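One structure below.
The values are calculated or read from the model by the stated rules, or taken from the named source; none is laboratory data. Just so we're clear, the structure is a prediction, and the values are computed from it rather than from any experiment. With ideal geometry, Cβ positions are generated from the backbone for all residues, glycine too; neighbour counts draw on all protein chains shown. Calculation scope for accessible area: heavy atoms of the full protein, side chains included, ligands and nucleic acids excluded. Shrake-Rupley method; radii C 1.70, N 1.55, O 1.52, S 1.80 Å.
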Amino acid sequence: MSKFPDSPNPELRAEPRIAPSPSVTAPAHLPDSMISSVSLLPTDKRLILFTRHSLRERSDGNGFASYQLPLTPKGRVLAKSWGRWLSGHLPYSLDVDSISSPIGRCIDTAQLMQEGAGLQRHIAHQSLLVEPGSLVTEPELANVVFKEIGVLNFINRFLQGSLEGTKNAYQGGLDILSLFYQHQPQQGHLMLAVSHDTLLSAFLAVMLDVPEIDWNDWPKMMEGVFLWFDDKPFRKANAYFVWRGKVYIRPVSALLEGYFAAGFHSSKLLLPPEVKWT
């Protein structure tokens, strides 16, 4: 059973929502949650899709996936068809630069999604979307533990603050949130942010304020969270996100309070400068 909260935020239901036709066919191999999430999206926001890469070759039995593992042929088709589907069924333009982990399968996912949407935009490599980055600070310490205890236990120990060589969990979440805030697209546009299962699972756990997750919470390949902010300075903003057919809201101030309460200083956070749109 999932450890994530089960109830969406009812106050968000008043916003206009996207309602795809029930006859619309989803791309083959796309996780079911993505279409149910699409139906809850608001219109005319600065939308971000923070997604795990598409289907890749198999990893070892302990969840350790080499960075050299490529997308499978089905994974390439899925990424392209998902980009085509989003472009054709959402009132959002994907004609915006993407951000991605610098690992090949993530870059390929972003590129193929762009191709599916009929686009060829720049894909910026972001170190916060890979490890070491948003979770791990000292890979020589963390990697040994990772291989000993496996990926799920690794993430749970990270969330509970009992893992050497990693950031505080709030810091990891805030750093990624800051990255998204700083790279918000123009209104009515959808930006792709492609990463890995470990980062996405840890980010969601921090956003949903849970100290432990299980395999039911683990993001599938090509599964992602839609996210947007209200138009306020970062420290005062609310982050809204849709995950597996439920809408949530998380004030940035609540994450900052948790971070400071753990005894950390803001100098370690990658807080964004004031963002202005023309």
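Values for this structure:
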item	result
Share of carbon and sulfur in the accessible heavy-atom surface of region 42-129 [1.4 Å probe, %]	48
Modelled label reach - Val275, point 7 Å along Cα→Cβ, region 97-138 residues with backbone N closer than 19 Å	97-101, 122-130, 134
Region 102-135 versus region 191-227: alpha-carbon centroid distance in Å	16
Fraction of accessible area attributable to carbon and sulfur, region 134-275 (%, probe 1.4 Å)	50
Dimensions in Å of the chain - Rg and Dmax from alpha carbons	17.7, 52
Cα convex hull volume per residue for region 106-168 (Å³)	103
Surface accessible to a 1.4 Å probe, per residue, for the residues of the chain, Å²	44
Leu141 paired with Leu119, simple spin-label distance in nm, labels 7 Å along Cα-to-beta-carbon	4.0
Difference of contour (0.36 nm per residue) and Cα-Cα distance, Ile149 to Ser266	39.0 nm
Fraction of antiparallel bridges per DSSP, the chain only, in percent to nearest 5	55
